[in-house]
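Read the structure below first, then the notes.
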Amino acid sequence: MRLRTTLFFLSMLPVPALIAADAAALRSARSDNASWLMYGRDYAAWRYSELAQINRSNIANLAPLWVYQTGVGGKQEAAPLVFDGLMFFTAPSNHSFAVDLATGRPVWHKSTPIPPHATGCCGQPNRGFATLNGKLYKVTFQGTLQALDAKTGNLIWETEIADPKKGYSATVAPLAVKNMILTGVTGAEFGVRGYIDAYDATTGKLRWRFYTTGGPEDPTAQRTWGGDSWKRGGGSIWVTGTYDPDTNLTYWGTGNPGPDMFGDERPGDNLYTCSVVALDVDTGKLRWHYQFTPHDVHDWDAMGDPVLVDLTHKGKRVRAILNANRNGHHYLLDRVTGEFLNAKAYTKVSWADGIDSKGRPILVPGQDPSEQGTKACPGLGGGHNWEPTSYSPQTGLHYFSSTDGCHIYYKTRQDFVEGAWYQGSIVDRVPKEPAAGSIVAMDPAKGEIAWRLPLIASPSGGMLSTAGGLLFAGDQNGYFFAMDAATGKVLWKFQTGGTVGAAAITYSFQGQQRISVLAGGSLYTFALSVSEPSRKFLFPAK
């Protein structure tokens with residue numbers, strides 16, 4: 001009976017008044033320890049916090065504070081947003097939630113039906129909200145962009161960004177920049193032509209569009225496609241881009257060409273798939289691009305987040321981009337010019353014998369899919385896939401997960417039918433060679449792996465690093481765990497009971513550092529074990 005009384009009391013705590021996060025707040029998001037305002041925490045996507053109340057010396061005392069059960073199935077991949085006493089997050093199949101930070105008490109829950117003709121590659125995940133001036137912005141699986149009132153969850157406007165009947169869908173967390181909402185579409189496995197859009201944050205009107213496959217508006221890129229294959233060329237946008245206010249450029253990783261693994265349909269390098277593109281944020285014009293995997297035939301999207309850091313490389317200070325690529329290499333690029341600086345293999349790679357001085361892979365013959373089957377490494381999912389990475393200025397390391405293994409790629413032809421699966425070729429596991437997983441800490445300045453933590457299963461969650469010297473991650477087996485960020489030693493773990501498919505966030509609430517993460521169908525919030533002072537915080541005197 002005491003538990004019920006306690007829960008009732010907590011549910012009666014007031015919800016704070018909502019104060020809108022404006023463009024200035026987004027630019028200074030890294031220094032706001034009380035909030036988490038965008039998918040990557042800040043425009044550079046460090047996923048690093050200066051909070052150190054939870055640290056290596058007391059991490060053993062971390063314990064669940066509250067759990068909110070969403071009741072929604074599917075893999076949870078969202079990064080919750082936190083501001084003004086509330087937490088906002090999305091869930092698969094077009095669900096959205098707001099909960100009270102103090103207790104996890106639900107404030108509102110909204111959902112949008114998915115039409116029966118909408119289809120997609122990999123379930124119906126959603127990676128989260130953007131926020132600006134009291135609104136929340138999210139995509140729906142069927143390809144619309146919604147603006148919601150953060151206080152109530154009510155719909156303010158909705159804009160169609162893609163046609164699901166043609167095979168388009170959307171899962172990415174938008175990015176709010178100035179008075180625009182940047183987002184993209186998926187559907188490369190259905191033969192669509194991908195693009196990145198910017199919409200007016202107030203009206204929902206399209207401001208600009210950049211196509212991720214070269215067409216008539218881009219003759220140089222069009223020459224990298226055979227015939228009209230660019231029309232079905234893919235280039236999905238799976239993961240949120242980054243933004244540098246100093247260069248006024250936004251950086252986005254693009255997905256695989258279509259069909260994924262049958263390259264005969266699309267001779268050439270197939271720009272701008274499997275690339276990072278740097279776009280003028282005001283106009284959407286291409287400033288530069290770098291293609292990690294020209295003419296990809298292994299489904300190695302360049303979906304890893306383009307992380308922005310300043311570091312010293314070969315004695316020169318560089319404004320750089322870090323990318324843990326699905327093709328098995330970790331890259332360092334100049335984010336002002338797009339110049340290739342360095343690449344390092346971080347998992348087993350059989351398809352390339354390194355990257356040359358101009359940034360092109362040195363191909364190993366006989367690694368493309370074949371009718372009899374070709375073993376190639378990494379496997380279909382990469383190396384590092386879509387999961388969020390983290391950069392810690394405290395250690396100077398870039399943290400990311402890796403699936404370590406190979407696949408057998410079989411070459412098959414497939415005719416294009418609008419709205420139907422259009423992958424070309426199939427893969428199979430290599431007998432007696434099960435894939436493993438690991439967490440990798442890369443020193444990008446040196447181009448060296450600082451440490452690697454082997455995992456029993458393939459990784460599934462993203463990374464979070466803190467000034468407490470900690471790195472948080474999760475796995476498919478349901479473990480959420482913390483490591484020493486300098487060494488990779490596991491210091492703490494908790495069994496959530498469901499796949500940890502998202503990256504954790506951290507924030508300070510009423511003087512207490514908290515860690516929150518989505519796992520299975522639930523949202524978990526952790527804090528240091530309840531002590532007498534924190535009991536007063538949870539149960540204030542009347």
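The values are calculated or read from the model by the stated rules, or taken from the named source; none is laboratory data. None of the values given here were measured: they were computed from a predicted structure. Methodologically, a virtual Cβ is constructed for each residue, glycine included, from the backbone with ideal geometry; neighbour enumeration extends over all protein chains shown.
Restricting Gly419, Gly488, Gly469 to those that are modelled with pLDDT under 95, buried (at least 17 other Cβ atoms within 10 Å of the Cβ) and not charged (D, E, K, R) reduces the list to Gly419. Any residue at all in the stretch 144-162 that's touching a His at 6+ places or on another chain (Cβ under 9 Å) and either assigned to a loop (DSSP other than H, G, I, E, B) or surrounded by fewer than 24 Cβ atoms within 10 Å (Cβ to Cβ) (or both)? The answer is yes; a qualifying residue exists. What number of residues within the stretch 120-137 are surrounded by fewer than 24 Cβ atoms within 10 Å (Cβ to Cβ), part of a strand (DSSP E or B) and small (Gly, Ala, Ser)? Total meeting the criteria: 0. Looking across the stretch 43-95, just one residue is within 17 Å of the chain's Cα centre (by Cα) and among the β-branched types (Val, Ile, Thr), and that is Thr90.
Among the residues of the stretch 217-230, some residue qualifies, meaning at least one is closer than 28 Å to Gly123 by Cβ and touching a residue at least 12 places away in the same chain (Cβ under 8 Å).
This table checks each residue for (1) at pLDDT below 95; (2) over 23 Å from the mean Cα position of the chain (by Cα); (3) among the hydroxyl-bearing types (Ser, Thr, Tyr); (4) buried (at least 17 other Cβ atoms within 10 Å of the Cβ).
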{"position": "Tyr391", "(1), (2), (3), (4)": "no, no, yes, yes"}
{"position": "His407", "(1), (2), (3), (4)": "no, yes, no, yes"}
{"position": "Lys411", "(1), (2), (3), (4)": "yes, yes, no, yes"}
{"position": "Glu433", "(1), (2), (3), (4)": "yes, yes, no, no"}
{"position": "Ile439", "(1), (2), (3), (4)": "no, no, no, yes"}
{"position": "Trp451", "(1), (2), (3), (4)": "no, no, no, yes"}
{"position": "Ile456", "(1), (2), (3), (4)": "yes, no, no, no"}
{"position": "Pro459", "(1), (2), (3), (4)": "yes, no, no, yes"}
{"position": "Gly462", "(1), (2), (3), (4)": "no, no, no, yes"}
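Residues of the stretch 117-134 being of a type in the set (Val, Ile, Thr) and over 19 Å from Ala162 (Cβ atoms), which ones? Matches in the stretch 117-134: Thr131 only.
Starting from residues that are hydrophobic (A, V, I, L, M, F, W, C) and in contact with a strand residue (DSSP E or B) (Cβ under 6 Å, 6 or more places away or on another chain), keep the ones in the stretch 373-389 and report whichever is surrounded by the most Cβ atoms within 10 Å (Cβ to Cβ). Steps first, please.
Here is the first cut: in the stretch 373-389, the residues hydrophobic (A, V, I, L, M, F, W, C) are 376-377, 380, 386.
Then drop every residue that is not in contact with a strand residue (DSSP E or B) (Cβ under 6 Å, 6 or more places away or on another chain), which leaves 376, 380.
Details: Ala376: 24, Leu380: 22.
Filtering the stretch 373-389 for residues that are hydrophobic (A, V, I, L, M, F, W, C) and in contact with a strand residue (DSSP E or B) (Cβ under 6 Å, 6 or more places away or on another chain), the one surrounded by the most Cβ atoms within 10 Å (Cβ to Cβ) comes out as Ala376.
Looking only at the stretch 163-183, residues that are surrounded by fewer than 23 Cβ atoms within 10 Å (Cβ to Cβ) and either part of a loop (DSSP other than H, G, I, E, B) or aromatic (Phe, Trp, Tyr) (or both) come to 3 in all. Scan the stretch 348-362 for residues that are within 22 Å of Gly437 (Cα to Cα) and in contact (Cβ under 8 Å) with a residue 40 or more places away in the chain and the total you get is 3. Could you please find all residues in the stretch 309-347 being surrounded by 24 or more Cβ atoms within 10 Å (Cβ to Cβ), under 14 Å from His289 (Cβ atoms) and free of Cβ contacts under 8 Å to residues at least 60 places away in the same chain? Within the stretch 309-347, Tyr331, Leu333 meet the criteria.
Just give me the residues in the stretch 149-170 being of a type in the set (A, V, I, L, M) and either without any contact (Cβ under 8 Å) to a residue 12 or more places away in the chain or farther than 14 Å from Leu81 by Cα (or both), in sequence order. Matches in the stretch 149-170: Leu155, Ile156, Ile161, Ala162, Ala170.
Any residue that is of a type in the set (S, T, N, Q) and in contact with a Phe, Trp or Tyr (Cβ under 6 Å, 6 or more places away or on another chain) - is there at least one of those in the stretch 125-137? No - not one qualifying residue is present in the stretch 125-137.
If I ask for residues that are within 30 Å of Ser49 (Cβ to Cβ), of a type in the set (Ser, Thr, Tyr) and assigned to a strand (DSSP E or B), which ones from the stretch 390-428 would you list?
Restricting attention to the stretch 390-428, the residues satisfying the condition of being within 30 Å of Ser49 (Cβ to Cβ) are 390-404.
Still in the running and of a type in the set (Ser, Thr, Tyr): 390-392, 395, 399, 401-403.
Within the stretch 390-428, Ser390, Tyr391, Ser392, Tyr399, Ser401, Ser402, Thr403 meet the criteria.
If you go through the stretch 184-223 and keep only what is of a type in the set (Val, Ile, Thr), buried (at least 24 other Cβ atoms within 10 Å of the Cβ) and over 14 Å from Val277 (Cβ atoms), you end up with Val185, Thr186, Val192.
Just one of (1) in contact with a Pro (Cβ under 9 Å, 6 or more places away or on another chain); (2) buried (at least 24 other Cβ atoms within 10 Å of the Cβ); (3) more than 22 Å from Leu322 (Cβ to Cβ) fails for Asp269. It is (2).
With respect to the conditions (1) without any contact (Cβ under 8 Å) to a residue 60 or more places away in the chain; (2) at negative phi; (3) touching a strand residue (DSSP E or B) at 6+ places or on another chain (Cβ under 8 Å); (4) surrounded by fewer than 24 Cβ atoms within 10 Å (Cβ to Cβ), Gly478 falls short on a single one, namely (2).
Residue-by-condition table, conditions (1) farther than 19 Å from Thr131 by Cα; (2) at pLDDT below 95; (3) in a strand (DSSP E or B):
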position: Ala60; (1), (2), (3): yes, no, no
position: Ala63; (1), (2), (3): yes, no, yes
position: Tyr68; (1), (2), (3): yes, no, yes
position: Gly73; (1), (2), (3): yes, yes, no
position: Ala79; (1), (2), (3): no, no, no
position: Phe89; (1), (2), (3): no, no, yes
position: Pro113; (1), (2), (3): yes, no, no
position: His117; (1), (2), (3): yes, yes, no
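As a summary of the residue check, Pro267 satisfies the conditions (1) under 27 Å from Ser93 (Cβ atoms); (2) at pLDDT 95 or above except for the one numbered (1). Of all positions in the stretch 104-119, at least one carries a residue that is surrounded by fewer than 23 Cβ atoms within 10 Å (Cβ to Cβ), in contact with a strand residue (DSSP E or B) (Cβ under 6 Å, 6 or more places away or on another chain) and closer than 21 Å to Gly478 by Cα.
Got a sec? Which of Thr224, Thr183, Thr212 is closer than 20 Å to Thr140 by Cβ and of a type in the set (Ser, Thr, Tyr)? So that I can check it myself, show each step before the final result.
Numbers: Thr224 fails: closer than 20 Å to Thr140 by Cβ; Thr212 fails: closer than 20 Å to Thr140 by Cβ.
After applying the criteria, what remains is Thr183.
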